[in-house]
Amino acid sequence: MKNKEHHAHEQKTENPNSIAQDEATVGAQEVIDKEDEGWKLKLQIEKENSIALTKMLQQLQADFANYKKRNANIASDAHEKGVFDAVETLLPSLDAILSAKKTITDEQTLTGLNMIEKIFISNLSSLGIEPIKTVGEKFDPNLHNAVVAESVEGVESGQILEEFKAGFIANDKVVRVAMVKIAK
């Protein structure tokens, strides 16, 4: 019987190795729990960083798209200004041709000047620049500069009678106003 009691007593008393293992397991679990908390915190920080970086990237993409649009407009405006400046420089040559046509009587010379005028106007048209309509049109101060006004019977007031200097327009922008005579 003593043997049985001793055996029972042995079972009731815990093995010191078993206690150490249990404590180690509990300690290890605490370490794992602390590590999990650390990883969760790191993961949360990384998520926040990722969101912040995504927002920053989206803002940079929007800024770049705006930059491209702005530069496209700047380039387009610069091109248009360059064309207008070049045309304004060349228009006195066309004025000289048109003026010469009024005084020259030689048919061959007149035919040559007509060809040059036609080529000149065609080249302007290829740049998007068109002559402003004048004779027979209603006077428009945005397009025409009335340098002479004359009373003419049977003609409505404000109608253009004669063009002294051709005007030109491009994309609804006046390159040069036309100088005209109008009816009063």
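Filter the range 112-132 down to the residues that are outside any helix (DSSP H, G or I) and not β-branched (Val, Ile, Thr), then identify the one that is surrounded by the fewest Cβ atoms within 10 Å (Cβ to Cβ).
That would be 128.
Restricting to the range 94-111, what's the tally of residues that are of a type outside the set (D, E, K, R) and exposed (fewer than 11 other Cβ atoms within 10 Å of the Cβ)?
Residues flagged as of a type outside the set (D, E, K, R) and exposed (fewer than 11 other Cβ atoms within 10 Å of the Cβ) within the range 94-111 amount to 4.
State yes or no: is residue 141 assigned to a loop (DSSP other than H, G, I, E, B), under 26 Å from residue 80 (Cβ atoms) and free of Cβ contacts under 8 Å to residues at least 12 places away in the same chain?
For residue 141, the condition - assigned to a loop (DSSP other than H, G, I, E, B), under 26 Å from residue 80 (Cβ atoms) and free of Cβ contacts under 8 Å to residues at least 12 places away in the same chain - is met.
Residue 105 is checked against (1) outside any helix (DSSP H, G or I); (2) touching a helix residue (DSSP H, G or I) at 6+ places or on another chain (Cβ under 8 Å); (3) over 29 Å from residue 183 (Cβ atoms) and fails just one. What number does that condition carry?
It is condition (2) that residue 105 fails.
None of the figures in this text is laboratory data; all of them are computed from the coordinates on show. Treat the numbers as computed from the prediction; the structure is a model and nothing was measured. Positions of Cβ are generated from backbone atoms using ideal geometry, with glycine treated the same way; all protein chains shown enter the neighbour counts.
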